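Colleague: Quick one: the structure is below, questions incoming.
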Amino acid sequence: MRNRGLRGSSFEEIINLTNELYREKNLAIIQKIPTPITPVSFEKNTKIITKAYFEKKSTVDYIGVAQGVPICFDAKETSQKSFSLQNVHEHQIKFMKDFVNQRGYAFLLVNFVVYEQCFILPFDCLKTFWEQSKRGGKKSIPYEKFNKNLIVNKSGIYFHYLEIIAKDLI
């Protein structure tokens, strides 16, 4: 199943639209976490930032609550036929691990551009692959490992990720 509607659209914009629909339907409140920056210089007339640096490492892209369960996730995109674990950083793994230890649910949303498909990678699966890679194993996750967590357009929600994780939220 291919999601042809993704062409020309920003992955993050679609996630943001999905989150707006979740809020309108009273399913979840999920917010994008902005990456903290420190402006160095800006255009005086327009006050547009022309130069800045990142203050600190970000944690995850999104955080919120769904049906009373805290959730957090990071959105990742790949144009390859596998997902490189280099796209995930040590501080993100630590944050998600701490989040899960506090009874939250953490995951990655992984968009395979080449297949025009988006998947959920629950933290426990990510952690397994991550630990294997640190012990000298594969540094990427093959596309085929994602097949059971395909996100489909349903009920007018383009990336209906809550449907996939609902079984884990109960």
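Colleague: Can you find a residue that is open to solvent by less than 60 Å² (accessible area, probe 1.4 Å) and not hydrophobic (A, V, I, L, M, F, W, C) anywhere in the stretch 45-57?
Modeller: No - not one qualifying residue is present in the stretch 45-57.
Colleague: Anything in the stretch 116-132 that is among the aromatic types (Phe, Trp, Tyr) and touching a strand residue (DSSP E or B) at 6+ places or on another chain (Cβ under 9 Å)? List them, or say none.
Modeller: Across the stretch 116-132, the qualifying residues are Phe119, Phe123, Phe129.
Colleague: A further question follows. Suppose the filter is under 18 Å from Tyr22 (Cα atoms) and modelled with pLDDT under 95; does Gln117 pass it?
Modeller: Criteria not met by Gln117.
Colleague: Taking the stretch 29-44 only, how many residues are modelled with pLDDT of 95 or more and surrounded by 14 or more Cβ atoms within 10 Å (Cβ to Cβ)?
Modeller: 1
Colleague: Out of all the residues in the stretch 59-111, which are in a loop (DSSP other than H, G, I, E, B), in contact with a Phe, Trp or Tyr (Cβ under 7 Å, 6 or more places away or on another chain) and of a type in the set (S, T, N, Q)?
Modeller: Thr59
Colleague: Out of Lys139, Lys134, Lys127, I need the residue that is over 22 Å from Phe11 (Cβ atoms) and touching a Leu at 6+ places or on another chain (Cβ under 7 Å). Which one?
Modeller: Just a single option satisfies the conditions, and that option is Lys139.
Colleague: Here's something else I'd like to know. Somewhere in the stretch 137-157, is a residue within 13 Å of the chain's Cα centre (by Cα) and at pLDDT below 95?
Modeller: Within the stretch 137-157 (the criterion being within 13 Å of the chain's Cα centre (by Cα) and at pLDDT below 95), the answer is yes, since at least one residue qualifies.
Colleague: Within the stretch 114-123, track down each residue that is in contact (Cβ under 8 Å) with a residue 60 or more places away in the chain and either among the small types (Gly, Ala, Ser) or outside any strand (DSSP E or B) (or both).
Modeller: Correct list: Tyr115, Glu116.
Colleague: Another question about this same structure. Restrict the check to the stretch 79-87 and report whether at least one residue is buried (at least 19 other Cβ atoms within 10 Å of the Cβ) and touching a residue at least 24 places away in the same chain (Cβ under 8 Å).
Modeller: yes
Colleague: Return the residue satisfying two criteria in turn: it lies in the stretch 124-170 and is of a type in the set (A, V, I, L, M, F, W, C) and part of a strand (DSSP E or B), and of such residues it is surrounded by the most Cβ atoms within 10 Å (Cβ to Cβ).
Modeller: Here the residue is Ile141.
Colleague: Moving on to the next point. Just to be sure, is Lys76 without any contact (Cβ under 8 Å) to a residue 40 or more places away in the chain and under 22 Å from Lys32 (Cα atoms)?
Modeller: Taking the combined requirement at face value, the residue satisfies it.
The values are calculated or read from the model by the stated rules, or taken from the named source; none is laboratory data. What you see is a predicted model, and the numbers here were worked out from it, not measured in a lab. In this analysis, Cβ positions are derived from the backbone assuming ideal geometry, glycine residues included, and neighbour counts consider all displayed protein chains. These area figures cover heavy atoms from the full protein model, side chains too; ligands, DNA and RNA do not enter into them. Shrake-Rupley method; radii C 1.70, N 1.55, O 1.52, S 1.80 Å.
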